[in-house]
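Notes for the one structure printed next.
The values are calculated or read from the model by the stated rules, or taken from the named source; none is laboratory data. If you're wondering where the values come from, they're calculated on a predicted model, not measured in any experiment. Every residue, glycine as well, gets a Cβ built from its backbone with ideal geometry; the counts of neighbours run over all protein chains shown.
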Amino acid sequence: MIVLCTFFSTKAQVHNDYDSIIQKAWSEYEIKDYSGSALNYSKAFSLNGLGYDVDRYNAACSWSQAGNIDSAFYYLNKVAFRENNKGYSNLGHVTKDTDLTQLHTDPRWEKFIEQVKANKFEQEKNLDHYLVNLLDSIYHEDQFYRHQIDSIQTQFGWESDEMKAHWKIISEKDSLNLIIIKGILDEKGWLGPDVVGGKGSSTLFLVIQHADLETQLLYLPMMREAVKLGKANGSSLALLEDRVALRTGQPQIYGSQLASKGDGEYYVSAMIDPDNIDVRRKEVGLGPIAEYISFWGLEWNLEEYKKNLPEYLELLKKNN
């Protein structure tokens with residue numbers, strides 16, 4: 001029994017070390033320390049054979065930017081060349097990725113691209129292309145107007161007539177998109193990447209995530225089952241779980257939702273068990289809470305959050 005416990009403890013520590021080194025590698029990439037980033041990616045991969053494809057791809061980008069072409073191709077080939085063409089297939093992204101531009105004149109680039117094309121063909125040959133195209137257009141419409149929010153807020157203000165008019169457009173588009181998505185879900189159930197591709201499956205989630213509470217409650221059980229069957233991402237489900245919890249007056253689970261006190265100051269909405277928030281986030285594929293909220297210019301302070309939690313719970317109760 002002691003040996004078994006030690007084994008799992010050691011295994012957990014290896015994964016924690018991997019995550020820590022990968023995070024450091026990404027931070028170095030962001031400040032353009034490409035050599036340091038590349039070396040840390042390699043260091044992480046040396047830990048008991050670990051290495052996720054997204055990290056190997058990012059390692060290739062760092063090596064490419066650092067000028068080490070051989071190492072860049074080594075990691076690209078790691079993610080592309082898989083049995084039965086199960087490797088990397090995002091042709092649209094990789095051909096536009098400026099991190100890899102310096103590889104394009106190397107003879108190995110054409111061989112790599114041919115493999116990506118083969119992977120893409122194999123993985124998409126059984127897709128419902130009508131639904132793929134339909135969901136692709138819904139995805140772009142859903143995101144197009146939301147991407148304009150920041151610029152409109154900056155130019156005219158959050159309470160401006162321009163912003164209200166923009167939200168009206170978003171609401172109208174969401175309503176029309178929801179009719180289509182509900183029709184698909186009611187007839188076919190939650191469709192996974194094997195039928196509508198990764199973006200298509202994500203589009204189902206996005207539209208439900210932006211829907212009214214009644215709709216979210218209706219399709220939440222379906223999405224839970226879809227995650228169990230590998231048809232939807234656990235990280236996406238976590239965002240929906242949090243939104244539904246808060247809208248029904250309950251504290252969130254994964255800390256994905258932020259709120260404002262009305263004075264422009266944002267905070268992480270009330271959550272259960274803040275001490276173990278990162279454990280829960282990791283279980284569903286979400287990154288650390290500190291990294292997540294940094295995108296909004298916030299810093300995570302666990303003790304300060306627990307001190308303010310009673311206030312956040314009161315605000316939650318007041319808003320419901």
Discussion item. Here is a check on your reading of the model: is residue 111 more than 26 Å from the chain's Cα centre (by Cα), outside the structural domain of residue 67 (by TED's automatic domain parsing), without any contact (Cβ under 8 Å) to a residue 40 or more places away in the chain and farther than 24 Å from residue 196 by Cα?
Written reply: no
Worksheet entry | Residue identified as more than 20 Å from the chain's Cα centre (by Cα) and either touching a residue at least 24 places away in the same chain (Cβ under 8 Å) or not in a helix (DSSP H, G or I) (or both) among 153, 123 | 123
Worksheet, complete the sentence: Requiring at least 3 residues that are out of contact with any Cys (no Cβ under 7 Å at 6 or more places or on another chain) and in contact (Cβ under 8 Å) with a residue 60 or more places away in the chain, the helices (runs of 4 or more DSSP H) wholly within the range 216-320 are 302-319
Fill in: Candidate set from the range 202-215 (those that are free of Cβ contacts under 8 Å to residues at least 40 places away in the same chain and under 29 Å from residue 90 (Cβ atoms)); member that is nearest to the chain's Cα centre (by Cα)
205
Discussion item. Condition first: of a type in the set (Gly, Ala, Ser) and surrounded by fewer than 18 Cβ atoms within 10 Å (Cβ to Cβ). Now tell me which residues in the range 43-65 satisfy that.
Written reply: 46, 49
Practice prompt. Go through (1) surrounded by 15 or more Cβ atoms within 10 Å (Cβ to Cβ); (2) within 30 Å of residue 177 (Cα to Cα); (3) assigned by TED's automatic domain parsing to the domain that holds residue 36 one by one and return the number of the condition residue 138 breaks.
Written response: (3)
Worksheet item: residue 182 versus (1) surrounded by 15 or more Cβ atoms within 10 Å (Cβ to Cβ); (2) outside any helix (DSSP H, G or I); (3) not hydrophobic (A, V, I, L, M, F, W, C): which is the lone unmet condition?
Response: (2)
